[in-house]
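Throughout, read-outs are computed from the coordinates displayed, never taken from laboratory work. Quantities reported herein were computed from a predicted structural model and do not represent experimental measurements. Glycine gets a Cβ as well: all are built from the backbone with ideal geometry, and neighbour counts include every protein chain shown.
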Amino acid sequence: MTDIPLSRPVDVPDRKPGSLLQQDARTKARNAAEKRFRLYGVIAIAISMIALVVLLTTILSAGSGAFRQTYLNIPVTLDAAVLDPKGNRDPAEMAKVLTVSYGRVLDAAVEATVARHNIQIEGLSEDDIDNLISKEASAQVRDRVLADPELIGQTVEFDVLTGGRIDGFFKGRVTMESAARDSNTSPQQLQLAQELANRGEIVTRFNWNFLTNADASDQRPEAAGVGVAILGSLYMMLVVLVLAVPIGVAASIYLEEFAPQNRITDIIEVNISNLAAVPSIVFGILGLAAFINFAGLPQSAPIVGGLVLTLMTLPTIIISTRAALKAVPPSIRDAALGVGASKMQSVFHHVLPLAMPGILTGTIIGLAQALGETAPLLLIGMVAFVRNFPDGLPGGLMDPASALPVQVYNWTQRSDPAFIERASGAIIVLLVFLLCMNVLAIWLRRKFERRW
Amino acid sequence: MPLSWALFASFLLAAAGYIVGRSRAFATAGPDVRKLHSRPTYHGTSVALAALLPALAVLGLASVLRLTGVVTPESGLVAGTIALIAAVLGLGVGVMRIGQEYQARNVVERMVLGLLMLSSLIAIVTTAGIVLSLVFETGHFFQLYDWKAFFFGTEWTPRFQGNSRLGIVPLLWGTMYVSAIALLVAVPIGLFAAVYMSEYASRRVRGFVKPAIEVLAGIPTIVYGLFALITVGPLLRDYFAQPLGLGNSGTSVLTAGLVMGIMLIPFVSSLSDDIINAVPQSLRDGALGLGSTPSETVRQVVLPAALPGIVGAVLLAASRAIGETMIVVLGAGAAAQMSLNPLEAMTTITVKIVSQLTGDSDFNSPETLVAFALGLTLFVITLALNVVALIIVRKYREQYE
């Protein structure tokens, strides 16, 4: 059939006929290259794993201190002459007594405790003793007394917060050497604290207050907590849930099931995929310009944060919802239409319920994304120092509040290194929330996922 | 708050309308419900929507007018009353319409379709809002400050007393420098990880490593920022910058770049993973059949075939890096300077947007308004990168489908 000679000469490189068991240089080089290539892959994966582990352990070890707190247990004699000069136990009158007076009562109590234990430390000044406890302690005592005026005149045991440096000493953050250079504490003070701890007067306990307290001022890291931030984040998530989910699902249903193939649909789709990639800080600028400057909503309010995060998470929710709707096989729709349902009925009665697990999973992941977002919230004034808890719903949406990631940022900007511990602690709280949401999403997917 | 009361009242009216409509539909049907064109619930819903929609329209219009300042807040009472009247009228019309032949289901479905369509327009409204707010305030800024000095100025020294120099060039330089370092870290690591996972890893290794890398993607950027601030920054300062005499700063371009690189690894690896998996198996089989080793197959067949997609993934990662905020705020520093030393603190566009817009800001001074011009620049850059990347990825996908 063909006239190509079967034994056509081919340019074969001159190779020595060797044994198959003996690799020639070229094979060796190729095999070595193969091994190297594999190794690069292993190294790349190892680097990412190490980065993940180092990242998490650093944050966990830096933040675990925030969940423990040292307290000084002292009997305080609530002197009626100082705390209730009129002597009528009228809360309105007593509220006029400033925290400073309580400070004096507390100073006396601390000095008495030190004297009672007969601790002698050379060079220990009176200031050292008084500064053993936090400046927040007097407010702590005042709140308790105002809540229960009958305490006045008695000697009551109080667990008062110790100062930030003392707290740091028991957590290893402050050492004798650093104390010698520090104007806020002294080695003598730390020795005193150690003596008191040896006698069981200073104890370190789990710090529930970190989860319930509001932020505290720059000098009182020991009293700062994430309570307001958790509540603010929660309010924002509620706004996102109420707005983003219905709108996102409605938009996905329209685009996936009803939209005609035309130019407008195309524009909407391109728009959504572009919005998903817009830097989050640009949404912050939008929030500032549209919701605060134009619409006149208050700064630092959860409603504004929630609206900004809603716009940010909508593309995520739309994309995942569309994927979930697409995964429902057309036979379901055809069957519904075949027994006489309208298009709308087939979607709402059959397709949507079947796509629900996928939609929920996507929604939770979108919410988790929104919960960790910081940059846009900085621009709408959530960085403000907020000491008061926002009101209950719905009025609380308009009150100033903080948010967890913003609180972290806020604390990193403070000068006292004790706030770094607080910031890491707040991140642990944030990560725990994110972990719960992701576990929920994975569980939902495992439980309800259907293969068609 | 008459508007919110009116809103509440219209919802109550709508609920009442649903009940009335449904029972009236049953009444008109007589003993045989099948005589109705639509099921009674649809009649109820149509009445409810007829009451609710006009009221909502009036309320929406009133709030827009109030926000734009056309009417005073005191007119809320009038608006609320009008809304209530509209709701009652709608209710009346809705109830009157009910009859055996009335096609309530079609009406309701048309209204629902309208609502669905409106929701899908939110995306466009958002984009329009972003563009409008940025362009509007940027225009305002360029009235106060020369645009040539903004785009070509090499000095960034904002002073709130006035006479500031607001040149974007040093910020752009910092942004590009940080992003370049981040990509230098993320692209090789992410790519090799993706190749290893799709071509070499056993099912077990893959099942463990892939989710672990995805955990990196789920960590909020503020966490990376804190990591840069408390760990990476001091480490680089104590072990590299100071011994080498290259600087003394805890924040630096290298710090931010490294940490951002870690953040981008999962982004690059999962995108490349998808793209590599999309290369048809037949190409691999052909190369292996001709006697190439797996690594030769990857380098000479799979990667060239996947190249456009990988370029797209890298561009998307670059747009991420340019728009990233928290890592650079906490890791890169705030000094606007142009230097080649990666261990020096530099700053980026996003850092300056944050610093110009937080705290008390006066919306008539160029020092505040410059943030909008910076935002617009950022938006345009990232948008361009995304569009190019999407076009490349889409084109590539069609090739093998």
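Values as computed for the structure displayed
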read-out	value
Stokes-Einstein D (µm²/s) once Rh is taken as the Kirkwood radius of chain B over alpha-carbon pairs, at 4 °C in 1.567 mPa s	49
Computed FRET value (nearest 0.05) for A:Leu20 with B:Tyr200, which takes r as the C-beta separation and R₀ as 35 Å	0.85
FRET E, pair B:Asp274, A:Asn184, Förster distance 45 Å, beta-carbon r, rounded to 0.05	0.25
Region B:272-401: Rg to Rh, with Rh as the Kirkwood radius over Cα pairs	1.20
Cα long-axis angle, helix A:352-372 against chain A (0 to 90 degrees, to the nearest 10)	50
Directionally averaged shadow of the protein assembly as shown, computed from the convex hull of its alpha-carbon atoms, nm²	55.6
Distance from region B:7-84 to region B:91-163 (C-alpha centre basis), Å	26
Alpha-carbon Debye profile of chain A, log10 I(q)/I(0) at 0.12 Å⁻¹	-1.08
Signed unit charges on C-beta, dipole axis of region B:137-293, positive-most listed residue B:Val215, B:Val195, B:Leu264	B:Val215
Estimated distance in nm for a label pair at B:Phe136 and A:Thr204, the labels positioned 7 Å out from Cα along Cα-to-Cβ	5.5
Convex hull volume per residue for region B:1-49, taking Cα atoms only, in Å³	46
P(r), alpha carbons of region B:68-194 - 10 Å bins starting at zero, rounded %	9, 15, 19, 19, 14, 13, 10, 1
For B:Ala29, net neighbour charge (Lys/Arg +1, Asp/Glu -1) across residues whose Cβ lies under 14 Å away	+3
Helical contribution to [θ] at 222 nm, DSSP H n ≥ 4, -39,500 (n - 2.57), averaged over chain A, rounded to 500	-18500 deg cm²/dmol
Karplus 3J(HN,Hα) series, Hz, for region A:315-330 with 6.51 cos²θ - 1.76 cosθ + 1.60 (x for Gly, Pro)	x, 4, 5, 4, 5, 6, 5, 4, 4, 5, 5, 5, 6, 6, x, x
Gap separating the Cα centres of region B:291-331 and region A:311-335, nearest whole Å	28
Cα convex hull of region A:22-71 - mean projected area over all directions, nm²	4.7
Leading residue at positive end of dipole, region B:176-284 (Cβ point charges), from B:Tyr224, B:Ala180, B:Ile276	B:Ile276
Mean Kyte hydropathy of -0.5 or more with a Cα span along the axis of at least 24 Å, helices from DSSP in chain B	B:2-29, B:40-68, B:76-97, B:104-144, B:169-195, B:253-278, B:303-323, B:366-400
Test item: A:50-60 mean partner chain Cβ contacts at 10 Å	5
Cα convex hull of region A:67-206, projected area averaged across orientations, nm²	8.5
Solution diffusion estimate, µm²/s, Stokes-Einstein, region A:383-452, Kirkwood Rh from C-alpha pairs, 20 °C, viscosity 1.002 mPa s	145
Length released on extending from B:Ser4 to B:Ala128, taking residue separation times 0.36 nm less the Cα-Cα span	41.9 nm
C-alpha center-to-center spacing [region A:419-436, region A:119-181] in angstrom	26
Partner chain coverage, peptide A:334-346 - average Cβ within 10 angstrom	1
Sequence-distant residues sharing a close amide H with A:Asp215 (under 5 Å, placed H)	A:Gly225, A:Val228
Relative contact order computed over chain B (Cα-Cα under 8 Å; 6+ residues apart), in percent	17
Within 10 Å of each Cβ in A:243-254, the average number of Cβ atoms from other chains	4
Share of alpha-carbon pairs per 5 Å distance bin for region A:227-448, given as whole %	1, 7, 13, 16, 17, 14, 11, 8, 6, 4, 2, 1, 0, 0, 0
Whole-Hz ³J(HN,Hα) from phi, Karplus 6.51 cos²θ - 1.76 cosθ + 1.60, for region A:377-389, glycine and proline x	6, 4, 6, 9, x, 6, 6, 4, 6, 10, 9, 9, 5
Estimated dipole of region A:67-206 in Debye, rounded to 20 [Cβ of Lys and Arg +1, of Asp and Glu -1, Cα centre]	380
Under 5 Å, built H, 5+ apart or other chain: amide partners of A:Ile133	A:Gly163
Cα-Cα separations in region B:1-138 greater than 21 Å, expressed as whole percent	53
Using a Förster distance of 45 Å, the FRET efficiency for B:Thr81-A:Ile264 (Cβ separation, nearest 0.05)	0.75
